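Accompanying notes for the structure given below.
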Amino acid sequence: MGKRKGRAFTKEFKAETVRLVRDSGKSVGAVARELNLTETALRDWVRQAEVDAGRGTSGALTTEEREELGRLRRENRTLRMERDILKKSDGLLREGESVRFAFIATEKAAFPIRLLCRTLQVSRAGYYAWHGRSPGSRARADARLGLEIAAIHAESRRCYGSPRIHAELAARGCRTGRKRVARLMRVRGLVARRRRAPAHRAPSRCAARSTLASRRSDARTHR
C-alpha cells in the first residue's frame, strides 16, 4: 500500500470540518472517512479548536501562539545562518562581486542561494548571470589552485593560514601571490585553527610554603 501524500488545508476547511464533527453527531472516524482524512489529523483539529475556544488543557498553545512560535523559530534559524555565512566569508564584502559569486557557488549546498545573495549584498539575477557564463582561464586556474590550497589546509589539520600555505605552495613549485592565496581561502571558507595556549598551573600552597621556608633558611645562613 502506497504512502498517502501530505495535503495542505486552509484554516476555513479545518474550521468547517470541526463544525461538521460537532453538529452532525457523527464520530471523528466517520467524518474522516467521508472526507478522506486521517483520523489522527481530524482529532488534532478538534483538539486545537477546543484550545482556541479557551476550553483546552492548561498550557496548550492556541493556533495564533503556534504560528507566532513558528515565525520566531524561522527568524532565529535565518539569523544563525546569516551569522555562519558572515563568519565563513570572513571579509568577502570588501571583495568584488565575482569573488562573492564564487563563494556562493561553493556554499550553495549548505545555505539557500537567496540568503547567501542577501547576506553578501549581491543580486540573485547577477549571481545566476555569472553562473551561466562559461568560466575563463583565470577562473579555471583559481579553481585548480583552490583545490590544492584546500588539500594543504587539510594536510595541516586546518592549522595553516595563508602565509604558511603560500610557503608550502612555493616549496612544491607553485608560484603565486600571497594575496591570491588569502582570497581563495576566503572563498572556500578556510581559516587557520588557533592553538590553545598551554595552561599554567599555579603552584600549590605546600610548594609555596616550602619555597618560602627555603629562602628564610638561606637568609639565616648568610647572616
Quiz item: So which of ARG114, ARG157, ARG194, ARG118 ends up being at pLDDT below 85 and either among the charged types (D, E, K, R) or assigned by TED's automatic domain parsing to the domain that holds SER98 (or both)?
Solution: ARG194
Self-check item: So ARG114, is it in a loop (DSSP other than H, G, I, E, B) and under 25 Å from ASP84 (Cβ atoms)
Solution: no
Self-check item: Residue under evaluation THR106, criteria (1) surrounded by 12 or more Cβ atoms within 10 Å (Cβ to Cβ); (2) over 30 Å from ARG193 (Cα atoms), criterion not met
Solution: (2)
Exercise. Scan the stretch 81-105 and report the pairs whose first residue is on the phi > 0 side of the Ramachandran plot and whose second residue is aliphatic (A, V, I, L, M), with Cβ atoms within less than 8 Å and a gap of 6+ or a chain change.
Key: ASP90/VAL191
Practice problem: Give, as residue ranges, the helices (runs of 4 or more DSSP H) completely inside the stretch 15-106 that count at least 3 residues that are more than 36 Å from the chain's Cα centre (by Cα). | Solution: 28-34, 39-52
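The values are calculated or read from the model by the stated rules, or taken from the named source; none is laboratory data. Predicted, not measured: the structure shown is a model, and the values here were computed from it. Note: ideal-geometry Cβ built from the backbone for every residue, glycine included; neighbour counts use all protein chains shown.
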